[in-house]
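Accompanying notes for the structure given below.
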Amino acid sequence: MLSALEQAASPDPWTLHQLQAALDDPDTRVFGIEREGGLVGHAVVVRLPFDAELQAILVTQEARCQGVAGRLLKAVIEQARTWQNERLLLEVRASNDAALGLYRGAGFGEDGRRRGYYPAHIGGRREDALLMSLPLA
C-alpha cells in the first residue's frame, strides 16, 4: 500500500527498498491514514540524537484539503515529543505552497535554504529546499 501511494501521489517516489528500510528501522515511525480500505496518506519520521526529522508526508490527490496532512503532522509531532526530541526538522521544496502553509501553521520556522537542492521537474530548473524546524522543548 505504501509503495502504491508513493507511485500514485509523489513526483519523486521512494523506492520499495527505501520504504522497507524505513519500516525496519527501530528509530523510524511510519504513520498512515486509511479510508474505505485504501491508504490516502502517510508520514515518515526518524529519531536523531537530539532532534527528529520529518522525512516524508504524502497525501493522495483525492484526499488533499481534507485535513489528512494535518492529522499526519500532528502524529509526527506527538511522536517526536514522546522521543523527547528538542526539535522537529524538515526540508520542503520552496514552491510547495500547500506544505509551507501546513508547516507554518503548525509553528515551524525557516532556518535556511539549500540552493538548487531538488532535481528539476521536466523542462524546469533545479529547485531550492527550505530548511524548517519546530521547537519541541
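Only bridges with both residues in the chain count here: give the DSSP antiparallel percent, nearest 5. Numbers along the way, then the final one.
Numbers: 28 of 31 bridges.
About 90 percent, rounded to the nearest 5.
What helices in the chain pass both tests, a Cα length along the helix axis of 18 Å or more and a mean Kyte hydropathy of 0.0 or higher, using whole DSSP H runs? Before the final figure, lay out the partial values.
Details: long enough: 68-82 (21 Å, 0.33).
The qualifying helices are 68-82.
Pick out, in residue order, every one of the chymotrypsin sites (Phe, Trp or Tyr not before Pro) in segment 1-84 that is DSSP loop and has at most 14 other C-beta atoms within 10 Å; say none if there are none. Spell out each step's value before the answer.
Values: sites: Trp14, Phe31, Phe50, Trp83; in loops: Trp14, Phe50, Trp83.
Hits after loop and neighbour filter: Phe50.
Could you size up the charge dipole of the chain around its Cα centre, putting +1 on the beta carbon of Lys and Arg and -1 on that of Asp and Glu, and report it in debye to the nearest 20? Each step should come with its number before you reach the end.
Working: 15 positive and 18 negative charges, 69 e Å.
For the chain, the charge dipole is close to 340 debye.
Rule-based calculations on the coordinates, nothing more; no lab input. Keep in mind the model is a prediction, meaning the values are calculated, not measured. Virtual Cβ from ideal backbone geometry, glycine too; neighbours counted across all protein chains shown.
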